[in-house]
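The structure under discussion appears below in the form of structure tokens.
What follows draws every value from the coordinates through simple rules; no lab data is involved. Note that the structure is a prediction, hence the values are computed from the model and not measured. Heads up, the Cβs are rebuilt from the backbone with ideal geometry, glycines too, and the neighbour counts pull from every protein chain shown.
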Amino acid sequence: MPNIRERDREVIWHPYTPMKAWPEAIAIVKGEGVWLIDEDGNRYIDAISSWWVNLHGHSHPHIAQKVSEQAAVLEHCIFAGFTHEPAVRLAERLLEILPGKPSKIFYSDNGSTAAEVAIKMSLQYWNNKGLKKKRLVALQNAYHGDTFGAMAVSGRSVFTEAFTDFLFDVAFIPFPGTGNEAASIAALETLLQQGDVAAFIAEPLVQGSAGMCMYSPATLDAFFGLCKKYNALIIADEVMTGFGRTGSLFACDQIRTAPDMVTLSKGLTGGAMPLGVTACSQEIFDAFYDDDRTKMLYHGHSFTANPTICAAALASLDLLLQDSCTESRARIVKAHKAFAQTISTHRAIAEVRQTGTIIAIEFKTDTPSYHHSMRDVMYRFFISKKIVLRPIGNVIYLLPPYCISNEELEYVYASIREFLEQL
Ligand SMILES: Cc1ncc(COP(=O)(O)O)c(C=O)c1O
């Protein structure tokens, strides 16, 4: 019998994978804390939390138990005209902790659909109010997902190139990197002054897929403040930044101005199962609450609010809100800081940046791009060290599960130092 890796080659098409260059996938048979274990018994440190989803380690017993209990009682039911305890309890608990004290939770399936819902809510909100506000504004190089609406509000890039003609128009403002904040804020204000902006969408503090590009809370607050001033809705895409990644529970906790909508996924279930959330204010909900049925939100997915998945999310919240998890995050933040100091002056490094538990190392190059040749070299090097790091072009980053130990972190740092020495 061929092994899983060989059988995979016959039947599977992998995401974000050039299938000709990368025909082989590593077949994982077990997850255990920060470790992924393959069919040959190799153990890999998951230093990027499996595409930024895992919070507490793989196959966490508390999440596994709650999922199994729920699956045995009610695995799924339709969510139009019906409801259930896990969905209601999860909404109650999320509304208690989300920035800006939103009032309602709309469930979907993943980060992209959470963005689709937020986009549709914001466009229909103004439509329901009889106001002509149809323009969406986003940040250059943003990433909000792979469905068409989410792609439209994402930066135009190699990801979207084949679809450009099919994406609706969105106004993009420059990324507010160091030294560019004022220009970016001014660009937003110029657009808002035209009075037709329905919503501004942004990944707060860290643009993940762009290469962990970071900007200040003061700038984010200035963006949101301007949206309030000119009466445009604010969508905070906390799909990657949510649930403690940036140091605070949510990135928007670091600023004063509250968003009108927050999108969540990834860490929402501790990374165990897919779930999307779009949280919104009472004011938005009220614009759809009408005797006129054409004003309802025309959106829903078959698996909306799947009870088994909601149980995973509730179990993850139990773990996330424990003091021990807060302490682990603080420990990672401190360790990253100390590590950053030891490498930041290396001749091959353009910048080391950190926001909370996320640290990114950008290597010097004249030609930064997603498919930069350094990418495969770095990926292979770290896989040979049994570390899962998925560089974004010339950027490597660590975004570990919070259960990573000091020793495991130290091993990853030492491997990065070793890579630097051979440059
Ligand atoms: C900020 C952000 N929004 C949305 C998404 C899309 O999420 P999903 O892959 O679950 O559709 C991602 C995925 O990386 C993301 O980083």
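Quick notes on this one:
- Full-stretch length increase - ALA64, ILE383 - with 0.36 nm per residue and alpha-carbon distance subtracted: 112.1 nm
- Listed by Cβ neighbour count within 10 Å, with the fewest neighbours leading, VAL11, VAL395, VAL67 appear as VAL11, VAL67, VAL395.
- Projected over all directions and averaged, the alpha-carbon convex hull of the chain occupies 21.5 nm².
- DSSP-defined antiparallel bridges as percent of all bridges, the stretch 63-320, nearest 5: 45
- Under 5 Å, built H, 5+ apart or other chain: amide partners of HIS58: GLU32, GLY33, VAL34, TRP35
- Rotationally averaged projected area of the stretch 71-197 (alpha carbon convex hull; nm²): 11.4
- Relative contact order for the stretch 63-320: 30 percent, from Cα pairs under 8 Å spaced at least 6 residues apart, divided by residue count.
- With at most 15 other Cβ atoms within 10 Å, longest stretch of the chain clear of loop trypsin sites (Lys or Arg not before Pro) (DSSP): 135-255
- For SER328, SER49, order by how many other beta-carbon atoms lie within 10 Å, fewest first: SER328, SER49
- Packing-based exposure ordering (other Cβ within 10 Å, fewest first) of CYS325, CYS227: CYS325, CYS227
- Cross-link pairs beyond the 29 Å C-alpha cut-off, checked among LYS30/LYS66; LYS66/LYS337; LYS337/LYS385; LYS101/LYS337; LYS66/LYS104; LYS266/LYS334: LYS66/LYS337; LYS101/LYS337
- The equivalent ellipsoid that matches the C-alpha gyration tensor of the stretch 299-389 spans semi-axes of 34, 22, 13 angstrom, in descending order.
- Prolate/oblate/rounded label for the stretch 299-345 (Cα gyration tensor, a/c 1.5): oblate
- Helical content of the chain, expressed as a calculated mean residue ellipticity at 222 nm, amounts to -11500 deg cm²/dmol (DSSP H runs of 4 or more residues, -39,500 (n - 2.57) each, divided by residue number, nearest 500).
- Exposed loop positions in the chain were taken to be chymotrypsin sites (Phe, Trp or Tyr not before Pro) whose DSSP state is not H, G, I, E or B and which have at most 12 other beta-carbon atoms within 10 angstrom. Between these positions, the longest stretch is 83-288.
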